Amino acid sequence: MKILFVANEVPFPPDNGVRIPIFHAMRLMSQAGHEIALAVLTAETCEVIDRFSRITAKFCSGGSLLERIPWRHPLAVQLAAILGQRLLFVEKYRSAVFREKLVELISKFQPDVIHFDLIPMVQYLSAAPAGVGTVASINDSYALTLENALHAGYFKGLEYIYKKWQYYGTLNYEASAYQQFDQIQVMSETDKNYLLKLNPHLRVSVIPNGAEDTLFHLTASTSSNSDIIFVATLTGTHLKGLQRFLSQSWPIVKKHYPSVRLNVVGKIGPDAGKLMEEYSGFPEVKFTGYIPDLADVYRMGGIAIAPIDQNCGIVNKVIEAMAAGLAVVGFKNTFSGIPQGKPGVHFLQVVNYDSMGHEIVQLLGNEKRCNEIKVAAQGLARSYYSWSSRGDLYNQMYTNAMKSAGRS
């Protein structure tokens with residue numbers, strides 16, 4: 001099988017929710033003997049060419065394409081989207097030059113299947129010739145993501161109005177655009193059911209993310225560790241969740257355990273930098289910045305917090321932390337993508353930020369219970385969420401897309 005992957009980020013290194021699934025899909029399909037090609041249209045600026053060269057050297061024998069998006073002021077992009085009656089993520093990644101080059105690559109590579117990664121790249125479906133299987137690998141429903149964020153109260157004033165407008169536009173977009181694909185890939189049954197309510201004719205496959213095999217060997221470091229860790233891309237709703245944890249949950253923890261440390265791991269942009277400066281006088285709160293090796297990340301803690309109140313997709317850092325043998329504390333929605341998990345057995349589920357603080361205090365005071373949760377969490381991750389178990393699922397999805405398009 002010849003598979004072309006079309007992405008809006010260079011999928012290397014696999015260190016965030018955008019890159020992780022496509023990297024492993026490429027890796028698993030390459031290891032299975034399929035021929036791989038990659039086309040990327042990106043707004044990234046950090047080591048783009050080097051990272052692109054490294055991943056294409058690893059997996060791509062069928063050609064490659066890298067195109068950079070010219071910089072535009074965010075307000076200019078928003079205005080163009082409104083005037084053109086296009087959604088923001090469509091406008092941001094709209095490129096006639098990339099479309100033309102993509103058509104050329106498709107003509108040369110002659111793929112059996114094209115994997116369009118995430119919702120911004122869905123607009124390039126028209127570049128796919130008739131008879132070629134098409135997959136929209138969207139991770140989770142963007143409409144559901146916005147619905148969660150609106151419900152959580154993350155937006156105020158004009159931003160709320162704009163996000164509400166974007167939400168209704170995304171509902172219509174997902175209901176209509178996805179129907180043209182042979183397969184839609186999401187991370188959880190919650191997202192699948194949400195999309196099928198929008199359009200019952202969609203062909204949706206659920207393939208959750210997995211955990212790196214190396215994480216399962218960290219228990220010597222994590223089993224006796226009582227420090228707390230938060231791992232995420234420090235922007236958007238993740239950063240807002242961290243802010244609420246620090247202001248509402250952390251004082252409760254510190255009152256009972258003043259020596260416990262919180263390690264915040266993730267790239268520090270301007271907004272995260274402001275929060276780091278705000279807590280610069282608190283030596284027990286450490287912003288580490290980006291750490292490339294996941295094993296080094298999770299060795300730093302014994303308890304992982306996931307203050308992400310959303311029921312879409314699957315929170316990658318939850319699966320990773322469980323695999324590494326950490327006890328994870330989050331909201332009900334945080335664990336909705338892990339149907340095999342049981343609250344109080346595999347993780348701790350709380351109702352708000354105050355109760356998150358109190359639950360962590362109880363964990364720190366009950367080493368036996370904390371270790372029981374760590375062991376159960378890792379067992380669940382090993383049974384259901386190792387990347388090595390995902391190859392057959394991806395292969396079946398791409399095969400189904402080929403059949404739907406009329407190829408055998």
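The values are calculated or read from the model by the stated rules, or taken from the named source; none is laboratory data. Quantities reported herein were computed from a predicted structural model and do not represent experimental measurements. No Cβ is skipped: glycine too gets one built from the backbone with ideal geometry, and neighbour counts run over all protein chains shown.
Here are some notes:
- Considering segment 363-408, and only residues there that are closer than 27 Å to LEU326 by Cα, not in a helix (DSSP H, G or I) and not small (Gly, Ala, Ser), the residue that is modelled with the highest pLDDT turns out to be ASN366.
- Which listed residue is closer than 17 Å to ARG19 by Cα, without any contact (Cβ under 8 Å) to a residue 40 or more places away in the chain and crowded, with 17+ Cβ neighbours inside 10 Å, from PHE116, PHE59: PHE59
- Matching residues in segment 350-408 - criterion: being more than 28 Å from the chain's Cα centre (by Cα), under 30 Å from GLN183 (Cβ atoms) and of a type in the set (S, T, N, Q): SER408
- Note on segment 74-89: residues that are in contact (Cβ under 8 Å) with a residue 12 or more places away in the chain and within 14 Å of TRP165 (Cβ to Cβ) total 4.
- Verdict on LEU171 being at pLDDT 95 or above, assigned to a loop (DSSP other than H, G, I, E, B), aliphatic (A, V, I, L, M) and in contact with a helix residue (DSSP H, G or I) (Cβ under 6 Å, 6 or more places away or on another chain): no
- Hits in segment 126-145 - residues which are more than 17 Å from MET187 (Cβ to Cβ) and in contact with a Ser or Thr (Cβ under 6 Å, 6 or more places away or on another chain): ALA128
- Selection of segment 320-355 for residues being assigned to a helix (DSSP H, G or I) and in contact (Cβ under 8 Å) with a residue 24 or more places away in the chain yields GLU320, ALA321, MET322, ALA323, ASN333, THR334, TYR353, ASP354.
- Residue selected from segment 121-180 under the condition among the β-branched types (Val, Ile, Thr) and touching a strand residue (DSSP E or B) at 6+ places or on another chain (Cβ under 7 Å), by the criterion surrounded by the fewest Cβ atoms within 10 Å (Cβ to Cβ): VAL132
- For segment 127-161, filtered to residues that are in contact (Cβ under 8 Å) with a residue 24 or more places away in the chain and of a type in the set (Ser, Thr, Tyr), the residue that is nearest to ALA405 (Cα to Cα) is THR134.
- Residue match in segment 34-56 (condition: modelled with pLDDT of 95 or more, closer than 17 Å to GLN396 by Cβ and touching a helix residue (DSSP H, G or I) at 6+ places or on another chain (Cβ under 9 Å)): yes
- Whichever residue in segment 297-328 is small (Gly, Ala, Ser) and closer than 19 Å to GLN243 by Cβ and, among such residues, is modelled with the highest pLDDT: ALA304
- From the options ALA220, ALA232, ALA211, residue that is free of Cβ contacts under 8 Å to residues at least 12 places away in the same chain and over 27 Å from GLN85 (Cα atoms): ALA220
- Residue within segment 196-208 that is surrounded by 16 or more Cβ atoms within 10 Å (Cβ to Cβ), in contact (Cβ under 8 Å) with a residue 24 or more places away in the chain and closer than 20 Å to GLY325 by Cα present: yes
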